[in-house]
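The values are calculated or read from the model by the stated rules, or taken from the named source; none is laboratory data. Please read all numbers here as calculations on a predicted model, not as lab measurements. Ideal geometry is used to build each Cβ from the backbone, glycine not excepted, and the neighbour counts take in all protein chains shown. Note: accessible area is taken over every heavy atom of the protein model, side chains too, but ligands, DNA and RNA are not part of it. Shrake-Rupley method; radii C 1.70, N 1.55, O 1.52, S 1.80 Å.
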Amino acid sequence: MANAAGQNDKSVLNRVVPGYYHRLQVASVLAAHLDGRNYSGAGFRDVLYFVNVDKVGQTLTIPEEAGKQYRLHPVHTAYDAADRRAGSATYDSASGRFTLPPRTAVVFVVR
C-alpha cells in the first residue's frame, strides 16, 4: 500500500525538508520545501510552495530562505496561467519575505 501512496525509496515525499511541512506563522497558510539536489528527476534545486486559504493576502518571513534566488514557477508566469493571482506573489531575497495573494497556491523555485 505504501508504494501505491507514493511512499517508496524514490518518492518525492522523501524530499520534503523537515520543519517546513507545517503551518508557519500564519494559521491559514501551509508551506512546504522540497529539496531537489541530488534527485535525478528534479527540474529545480529548491521548490517552496504555499497554500493560502485566507480571504486576504498574507506575508511570511522565513529567514532560512533569505539570500536564495527564488523565482515564481514558470507555470505562474505563463501567458495562459490558470490562476493569474499567483503571478502577483513576491519574494524579497534580502529578508526571506514571501507575499501571497488570497486563496491561492503558489510555487517558488530555484534552478
> Is there a residue being in contact (Cβ under 8 Å) with a residue 12 or more places away in the chain and farther than 22 Å from ARG103 by Cβ anywhere in segment 86-93?
Replying inline: yes
> Can you pull out the strands (runs of 3 or more DSSP E) entirely within segment 55-111 that have at least 1 residues that are open to solvent by 70 Å² or more (accessible area, probe 1.4 Å) and touching an Asp or Glu at 6+ places or on another chain (Cβ under 6 Å)?
Replying inline: none
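When the residues of segment 37-54 are filtered to those that are aliphatic (A, V, I, L, M) and outside any loop (DSSP other than H, G, I, E, B), which remaining residue is farthest from the chain's Cα centre (by Cα)?
VAL51
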> Looking only at residues in segment 28-54 that are open to solvent by 60 Å² or more (accessible area, probe 1.4 Å) and among the small types (Gly, Ala, Ser), which one is farthest from THR104 (Cα to Cα)?
Replying inline: SER40
> Could you say which residue among TYR70, TYR49, TYR79 is aromatic (Phe, Trp, Tyr) and free of Cβ contacts under 8 Å to residues at least 24 places away in the same chain?
Replying inline: TYR79
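Any residue in segment 2-18 that is assigned to a strand (DSSP E or B), at pLDDT 60 or above and within 17 Å of ARG97 (Cα to Cα)?
Kept after step one, since they are assigned to a strand (DSSP E or B), are these residues of segment 2-18: 16.
With the extra rule that they be at pLDDT 60 or above, the set shrinks to 16.
Right, trim to within 17 Å of ARG97 (Cα to Cα) and you get none.
Within segment 2-18 (the criterion being assigned to a strand (DSSP E or B), at pLDDT 60 or above and within 17 Å of ARG97 (Cα to Cα)), the answer is no, since none of the residues qualifies.
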